[in-house]
Amino acid sequence: MSSYQAHFKVWRGDAEGGGLQDFQVEVNDGEVVLDIIHRLQATQASDLAVRWNCKAGKCGSCSAEVNGRPRLMCMTRMSVFSREETVTVTPMRTFPVIRDLVTDVSFNYTKAREVPSFVPPKGVPAGEYRMAQQDVERSQEFRKCIECFLCQDTCHVVRDHEENKPAFAGPRFLMRIAELDMHPLDAADETGVNRASSAQDDHGLGYCNITKCCTEVCPEGIHITDNALIPLKERAVDRKYDPLVWLGSKIRRRGQ
Amino acid sequence: MTNVERHAYDVVVVGAGGAGLRAAIEARERGMRTAVICKSLFGKAHTVMAEGGIAASMGNVNEHDNWQVHFRDTMRGGKFLNHWRMAELHAKEAPDRVWELETWGALFDRTPDGRISQRNFGGHEYPRLAHVGDRTGLELIRTLQQKIVSLQQEDHAETGDYESRLKIFQECTVTRILKDDDRVCGIFGYVRESGRLFVIDAPAVVLATGGIGKSFKVTSNSWEYTGDGHALALLAGAPLINMEFIQFHPTGMVWPPSVKGILVTESVRGDGGVLRNSEGKRFMFGYIPDVFKEKYAQSEEEADGWYADPDRHRRPPELLPRDEVARAINSEVKAGRGTPHGGVFLDVSTRLPAEEIKRRLPSMHHQFKELADVDITAEAMEVGPTCHYMMGGVDVDPDTAAATGVPGLFAAGEVAGGMHGSNRLGGNSLSDLLVFGRRAGVFAAEYAAALAQVDRPAAGEEQIDAAAAEALRPFGTDEAGDAAPGSGGDGPGAAAENPYTLHQELQQVMNDLVGIIRRAPEMAKALEHLADLRERSRHALVEGHRQFNPGWHLAIDLRNMLLVSECVARAALERTESRGGHTRDDHPDMDRTWRKVNLVCELTPGAPEAGTAAVSLRRRPMDAIRPDLLALFERDELLKYLTDEELDA
């Protein structure tokens with residue numbers, strides 16, 4: 001066991017404004033950034049606001065930006081930084097600050113409500129659902145999402161463009177549409193909802209220009225762009241021409 | 001008069017994990033205007049941490065499975081202290097609750113013929129756990145969350161308002177149940193974001209707040225698990241039972257220190273993982289207790305044969321109920337055969353191909369890689385017991401989930417007691433949440449609907465003022481304004497206490513003195529410490545203001561943790577036997593006469609004086625098990641648990 005004093009800069013403030021505050025704080029073997037934030041709370045700043053729940057990368061609560069990169073604090077080990085390095089922790093930039101590291105993520109809950117829900121198949125009673133493993137796996141990948149909203153935070157369509165928020169669901173909820181679209185038994189079609197074209201028409205899929213920033217920050221390693229957004233664009237393209245789909249499919253093929 | 005915002009609903013559900021969301025869905029579908037109080041963000045509840053699966057005897061993988069077998073396994077796991085009626089309802093209704101999730105969009109792993117796959121787990125005779133890899137809890141919470149969204153969409157289509165019939169109050173904490181005479185009339189709480197205080201008037205309140213793990217130092221539980229519902233029920237006059245029974249999950253991470261306690265799913269063992277000590281020995285064969293001798297393999301060869309051919313081999317002893325495995329690990333470490341970091345080895349790397357491990361246990365692979373630099377496909381994990389689950393809780397009617405003695409109060413999930421007896425089987429928690437969450441929703445709705453609007457109870461101003469003063473006390477007298485005298489406060493001469501320090505001391509006391517192995521003098525000492533901590537917690541002071549202030553929240557949660565910890569210590573001291581999640585070094589044997597007894601905790605009337613008990617304890621005989629359920633067991637087996645008189649009655 002060896003411990004050392006690290007230099008942290010933590011953003012403190014609220015909707016009115018704020019700034020980075022300096023801390024010298026002890027770090028021990030095996031600790032993660034969230035441990036250090038907790039140590040600051042217990043010893044130097046009892047009212048330092050931070051969200052966290054499971055501390056095991058499963059709930060997606062402790063999202064923040066560490067040295068400018070969107071990350072879960074509980075899954076960011078201190079060993080990835082040198083002892084001399086200053087570690088800067090700031091709230092997610094895309095969402096309004098409430099206090100310190102806590103942001104108002106209600107944008108995401110609003111968008112979640114706008115996606116039409118799963119439609120159960122008519123005439124198939126509970127207990128009689130039959131699906132092959134290989135058919136459920138595609139949607140299962142997207143259901144690994146822990147809703148940390150780091151993909152929403154990093155997406156440049158909304159990151160510095162408040163004006164795009166009303167029309168754009170963001171990668172998480174476009175992926176949710178893809179998940180339902182690929183669900184083997186979803187019967188939305190029968191209710192007149194075409195999920196792929198509604199992604200384009202109602203949820204802003206066209207804003208996405210597949211830069212894969214969302215995929216890069218996903219702590220669950222979900223291939224949001226390749227497996228959800230591009231296939232969704234391809235299915236929507238029957239109705240609308242999207243040059244990016246064409247480009248995306250070229251790029252993807254080249255990588256294979 | 002305190003300035004609080006005020007809402008009115010038919011049913012308020014406190015807690016937004018599996019049980020709370022299931023209850024809310026049911027109440028709303030039965031036409032009740034329903035509010036859900038969510039301590040964190042919607043969808044972050046501790047249920048997401050459940051890994052292994054949902055136990056339900058669908059018989060998809062082994063057709064011999066049925067509710068009777070599940071019932072038997074549950075009673076054995078709980079060492080027959082379970083409320084038999086709850087175990088019966090649970091076993092009967094679990095399959096329907098799982099299938100229902102599919103109609104709401106859940107995607108479980110499949111069998112080759114396209115049905116829901118089921119996996120093996122400790123204490124379950126057949127493969128029984130519906131699962132999605134090792135992230136089943138996430139699937140459960142997301143499915144319920146999305147079902148709630150779909151109900152809100154229906155309401156929006158009809159009324160133009162998503163929240164007209166079902167509203168989630170995110171990041172709010174309840175600090176008091178409000179009562180009108182003996183009946184429930186609502187809740188009092190605060191909003192984390194703003195620090196605003198609020199009241200919801202409602203004739204029916206469902207507690208679904210989960211467990212108490214944050215009173216212990218080494219725990220798999222998240223920050224929310226501060227025993228809120230247990231304490232709210234006590235303070236509202238409802239009794240708690242079985243508080244001495246705490247499940248220490250056998251396999252928590254032991255290294256690095258900052259992640260000590262984080263869960264390593266039992267699926268690792270269900271899928272073939274084995275436990276070894278530092279000498280490389282599979283030690284579990286030496287720890288099969290007499291009551292389970294006939295059911296478990298006696299050699300490695302027999303155990304290994306079971307995975308492929310369960311009909312002609314007995315189960316590996318790594319799959320004994322959790323209490324047995326946790327004690328065995330504890331003994332090995334104590335005997336000096338532990339790993340460098342004080343655990344034992346859990347190895348799946350030599351048992352399954354790397355690709356198979358990554359497919360079946362993706363989040364374990366990820367967790368060890370990220371947090372401990374361990375590749376579980378290439379090396380063994382180090383694991384040890386961690387405080388995981390509270391078997392004890394609110395004493396409820398088994399059919400209706402109604403709390404004893406407080407009309408309008410209901411409880412479901414981990415906060416309710418009785419279902420799991422002295423020890424819960426893995427997989428029986430998620431099914432419990434669904435079965436009794438739904439039941440609580442049904443009967444809370446029925447209760448609320450039966451009260452005409454004019455008959456609805458209402459909270460008096462005095463009660464609200466007292467609740468407000470209590471909530472604001474940690475800020476000292478300034479913020480509290482004209483707080484009622486006697487509500488604590490920084491009295492003259494008393495040193496201000498840091499809530500974080502108090503919490504750490506509490507966790508150390510419970511871990512060291514009321515932990516996995518218990519002794520009378522240590523528990524007596526724990527009670528002294530707890531009384532002292534309770535006294536000091538009256539002087540807990542926090543800095544800053546009310547807006548999202550974690551120090552303040554912790555100061556409020558401390559009241560709950562201290563009350564619940566006292567219940568645990570008092571009941572554990574009283575029960576002079578070892579059973580399930582209660583192991584006494586000074587009373588190592590299970591005693592059949594203790595099986596008939598529930599220990600009931602109640603709040604001592606009036607504010608307790610310094611050094612006296614806040615909680616009183618009494619013994620209550622259990623209801624006799626219904627004869628047709630007893631007939632599901634052989635008499636020889638029953639004799640291990642029940643007294644001769646009970647059997648001959």
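Peptide A:40-53 has a mean shielding of 6, counted as Cβ atoms of other protein chains within 10 Å of each residue's Cβ.
Here B:Glu163 and A:Val124 are evaluated by their C-beta separation; at R0 = 35 Å the FRET efficiency comes out at 0.65. Ordered from longest to shortest, the equivalent ellipsoid semi-axes for chain B are 38, 28, 25 Å, each the square root of 5 times a Cα gyration tensor eigenvalue. Only Lys, Arg, Asp and Glu carry charge here, each on its Cβ (+1 for the first two, -1 for the last two); on that basis segment A:3-102 has a dipole of about 380 debye about its Cα centre. Residue order for B:Arg110, A:Arg172, fewest other beta carbons within 10 angstrom first, comes to B:Arg110, A:Arg172. Please list log₁₀ I(q)/I(0) at q = 0.14, 0.16, 0.18, 0.22 Å⁻¹ for segment B:297-444, using the Debye equation with identical point scatterers on the alpha-carbon positions. For segment B:297-444, the Cα-only Debye profile gives -0.91, -1.03, -1.13, -1.30. Ordered by the number of other Cβ atoms lying within 10 Å of each residue's own Cβ, fewest first, A:Ser117, B:Ser349 fall into the sequence B:Ser349, A:Ser117.
For B:Lys525, a cut-off of 27 angstrom between C-alpha atoms picks up these lysines, skipping any fewer than 8 places away in its own chain: B:Lys214, B:Lys217, B:Lys260, B:Lys334.
Take each residue in B:99-112, count the other chain C-beta atoms within 10 Å of its C-beta, and the mean is 6. Packing around the peptides B:31-42, B:274-285, B:130-141, taken as the average count of other Cβ atoms within 10 Å per residue, puts them in this order, highest first: B:130-141, B:31-42, B:274-285. Annotation for segment B:245-288 versus segment B:446-476: alpha-carbon center distance of 46 Å.
Given the pairs B:Lys39/B:Lys167; A:Lys55/B:Lys147; A:Lys144/B:Lys358; A:Lys122/A:Lys233; B:Lys293/B:Lys640; B:Lys79/B:Lys295, which span a C-alpha to C-alpha distance of over 18 angstrom in this model? Going by Cα-Cα distance, A:Lys55/B:Lys147; A:Lys122/A:Lys233 fall outside the 18 Å limit.
When each of the peptides B:46-56, A:103-113 is scored by how many other beta carbons lie within 10 Å of its residues on average, the order from highest to lowest is B:46-56, A:103-113. Distance between the pseudo-spin-label points of B:Glu645 and B:Arg337 (7 Å out from Cα toward the beta carbon): 4.2 nm.
In the distance distribution for chain A, Cα-Cα pairs more than 26 Å apart total 47 percent.
Spherically averaged projected area of the convex hull of Cα atoms, segment A:3-102: 5.9 nm². Panel note: the C-alpha atoms of the protein assembly as shown, placed on their principal axes, show extents of 81, 73, 65 Å (largest first). Under the combined filter of DSSP loop state and at most 14 neighbouring Cβ atoms within 10 Å, segment A:90-173 retains these GluC sites (Glu not before Pro): A:Glu128. By the Cβ distance rule of under 4.7 Å, chain A has these cysteines without a partner: A:Cys62, A:Cys74, A:Cys145, A:Cys148, A:Cys155, A:Cys208, A:Cys213, A:Cys218.
Among the residues of B:134-141, the average count of other protein chain beta-carbon atoms within 10 Å of the residue beta-carbon is 3. The aspartates and glutamates within cross-link reach of A:Lys9, meaning a Cα-to-Cα straight distance under 18 Å and a gap of 8 or more places when in the same chain, are A:Asp22, A:Glu26, A:Glu31, A:Asp35, A:Asp47, A:Glu65, A:Glu84, A:Glu85, A:Asp100. Placing +1 on the Cβ of every Lys and Arg and -1 on the Cβ of every Asp and Glu, with nothing else charged, gives the protein assembly as shown a dipole about its Cα centre of roughly 1220 debye.
Pair-distance distribution of segment A:68-161: all C-alpha pairs, bin width 5 Å, starting at 0; shares per bin in whole percent are 2, 9, 14, 17, 14, 12, 10, 8, 7, 4, 2, 1, 0. Packing around the peptides A:5-17, B:554-566, taken as the average count of other Cβ atoms within 10 Å per residue, puts them in this order, highest first: B:554-566, A:5-17. Remark on segment A:106-255: ratio of C-alpha radius of gyration to 2.2 N^0.38 Å is 1.03.
Lacking any other cysteine beta-carbon closer than 4.7 Å, the following Cys residues of chain B have no compatible partner: B:Cys38, B:Cys172, B:Cys185, B:Cys387.
Each reported figure results from applying straightforward, stated rules to the coordinates on display, with no laboratory input. The shown structure was predicted, so the numbers you read here are calculated from the model rather than taken from an experiment. Reconstructed Cβ throughout: ideal geometry from the backbone, glycine too, with neighbour counts over all protein chains shown.
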